[in-house]
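Asker: Let me begin by handing over the structure; questions about it come next.
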Ligand code: DC
């Protein structure tokens, strides 16, 4: 029997990646951070001085880019482009500022989505992103949509960036997240929206361990109901 696939969607800072990575380890699933693929494409476009106003250039790059995702020892995804580790580079404010422009181009999305579907075709994955439950894996066995207030999401991202030594203000992080939310929700193809059959979890007042336990409990309960 095919192993289960789990979709975890939601806006930036809702806790998706941290929760999905840990749920993967507790439920013996493989983890794929699809946002890292959009980030990798964006980083490469910046390095190659691609004109972000010209979608053709991004689409051409998406057709040839060689992205490889491996699992790190802590279960996180390590991201390689042409064999070079860019895991840290793709999380900078420069990439944050441009990634929503790249990810609203339908043809560029198509390339990455096909890759994501291929990766998960045999099951056994928990994938996080914006359109996993609606578009990438509409037949996923379990779907979760994580949300949190803008204030809390911005504060979480701000702390992460501070820990990495980024010189940025909370106000700037809030503006950047709010702008990305707007573009991600408003785009025509695969916008950020909860799948009709997704389980909504508001993480505003939850710590990450609570979120992980809730997902694990729900998946286990549903799995038990199927046997
Ligand atoms: O999850 P993240 O913040 O690393 O994602 C970065 C951007 O990538 C996000 O602003 C929108 C885009 N993205 C997307 O459009 N679809 C996905 N499945 C994942 C991410």
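The values are calculated or read from the model by the stated rules, or taken from the named source; none is laboratory data. Keep in mind it's a predicted model, so treat the numbers as computed, not measured. Here the Cβ is made from the backbone with ideal geometry for all residues, glycine too, and neighbour counts use every protein chain on show.
Asker: Which one of 95, 79 is in contact with a helix residue (DSSP H, G or I) (Cβ under 6 Å, 6 or more places away or on another chain) and within 16 Å of residue 52 (Cα to Cα)?
Answerer: Only one candidate passes the filter, namely 95.
Asker: For the range 101-125, name all the residues that are within 18 Å of residue 192 (Cα to Cα) and either touching a residue at least 60 places away in the same chain (Cβ under 8 Å) or in contact with a strand residue (DSSP E or B) (Cβ under 8 Å, 6 or more places away or on another chain) (or both).
Answerer: Hits for the range 101-125 are 101, 102, 103, 104, 106, 108, 109, 112, 113, 116.
Asker: Among 128, 172, which is in contact with a helix residue (DSSP H, G or I) (Cβ under 7 Å, 6 or more places away or on another chain) and either more than 19 Å from residue 33 (Cα to Cα) or modelled with pLDDT of 95 or more (or both)?
Answerer: Working: 172 fails: in contact with a helix residue (DSSP H, G or I) (Cβ under 7 Å, 6 or more places away or on another chain).
The match here is 128.
Asker: Go through 72, 15 for me and flag whichever is modelled with pLDDT under 95, surrounded by 22 or more Cβ atoms within 10 Å (Cβ to Cβ) and under 29 Å from residue 206 (Cα atoms). Don't jump to the end; show me each part of the working.
Answerer: Working: 72 fails: surrounded by 22 or more Cβ atoms within 10 Å (Cβ to Cβ).
None of the other options fit; the residue is 15.
Asker: Could you check the range 1-68 for helices (runs of 4 or more DSSP H) lying wholly inside it with 1 or more residues that are more than 15 Å from the ligand (Cβ to nearest atom) and in contact (Cβ under 8 Å) with a residue 12 or more places away in the chain? Lay out the reasoning, then the answer.
Answerer: Numbers: elements: 16-27, 34-47, 55-64.
Filter on the range 1-68 gives 16-27, 55-64.
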